[in-house]
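Just below is one structure, and these are the notes that go with it.
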Amino acid sequence: MQARAMDNLRFIRGVMERAVTFTAVSGWGQVVIGLTAIVAALVAGRQSLPWARVATWVAEAGIAAGISVASMTFKSHAANMPLLSGPLRKLVLSFSPPMIVGAVLTAMLIKHGNYDYLPGVWMLLYGAAVVSAGTYSVRSVPVMGAMFMLLGTITLFAPFTWATAMMILSFGMLHIAFGIWIAWRHGG
């Protein structure tokens, strides 16, 4: 009887883990990412060589990834929640494909000298990644992803002179605004 009860508990725990949304997304981490993105946009916007702008944003992507992992780890530990769980695996698996496509398209656009398309493509694919991963998170996360996609579409059709402002608006201000919302509504 006890073995059957333990099997039932394992089954229930597994069902609950699969049904739970990932709430370790750190709003304050998103705010910091937004601030570093604004700095990156200003630095990249001052670069005269296209590869230097790309290098600035690649460095920012690494910084943002580090901030994201560190802030999610801190938030999950503070809430006494396991970070490495089923929902996190789903989040990573759904976030990764659009980001891999973004890396491939970045390399292809650079190879063909089409640097002007990069900001819009980055916003669109990051937005797609956030929407996909957001299905396992709080409701505001996929909304943020949709906003990135909208701004990416506008950026692709706008003059390239708008690129810095659009990068500030998307990677900077969206992260800050949604980060504050997530921190306020979902505990940091």
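Using the Cβ of I182 as centre and a radius below 14 Å, the other residues enclosed give a net charge of +3, where K and R count +1 and D and E count -1. Atom-type composition of the exposed protein surface of the chain places 72 percent of the accessible area on carbon and sulfur (1.4 angstrom probe).
Using a simple spin-label model with pseudo-atoms 7 Å out from Cα toward Cβ, A103 and L42 lie 3.0 nm apart. Here the spin labels are modelled as points 7 Å beyond Cα on the Cα-Cβ line, and at H112 and I63 they lie 3.1 nm apart. Of I110, I38, I168, the residue with the greatest mean-square motion in the GNM of the chain, using alpha carbon springs below 10 Å, is I110.
Given Cβ point charges of +1 (Lys, Arg) and -1 (Asp, Glu) and nothing else, what value in debye, to the nearest 20, does the dipole of the stretch 45-188 about its Cα centre take?
With Lys and Arg at +1 and Asp and Glu at -1, about 240 debye.
Per the Debye formula on identical point scatterers at the alpha carbon atoms of the stretch 96-171, with no solvent, log10 I(q)/I(0) at q = 0.11, 0.16, 0.20, 0.21 Å⁻¹ is -0.27, -0.55, -0.81, -0.87.
Equivalent ellipsoid semi-axes for the chain, as square roots of 5 times the alpha carbon gyration tensor eigenvalues: give them largest first, rounded to whole Å.
Rounded to whole Å, the semi-axes are 35, 17, 14.
Positive end of the dipole of the chain (Cβ unit charges, origin at the Cα centre): among H112, T153, A61, the Cα lying farthest that way belongs to A61.
Highest GNM mean-square fluctuation, the chain, Cα pairs closer than 10 Å: which of P50, P159, P142? Top of the fluctuation ranking is P159.
The values are calculated or read from the model by the stated rules, or taken from the named source; none is laboratory data. It should be emphasised that the depicted structure is a prediction, and the values quoted were computed from it without experimental measurement. Every residue, glycine among them, receives a Cβ derived from its backbone with ideal geometry; neighbour counts consider all protein chains shown. Just the protein is used for accessible areas: all its heavy atoms, side chains included, with ligands, DNA and RNA removed. Shrake-Rupley method; radii C 1.70, N 1.55, O 1.52, S 1.80 Å.
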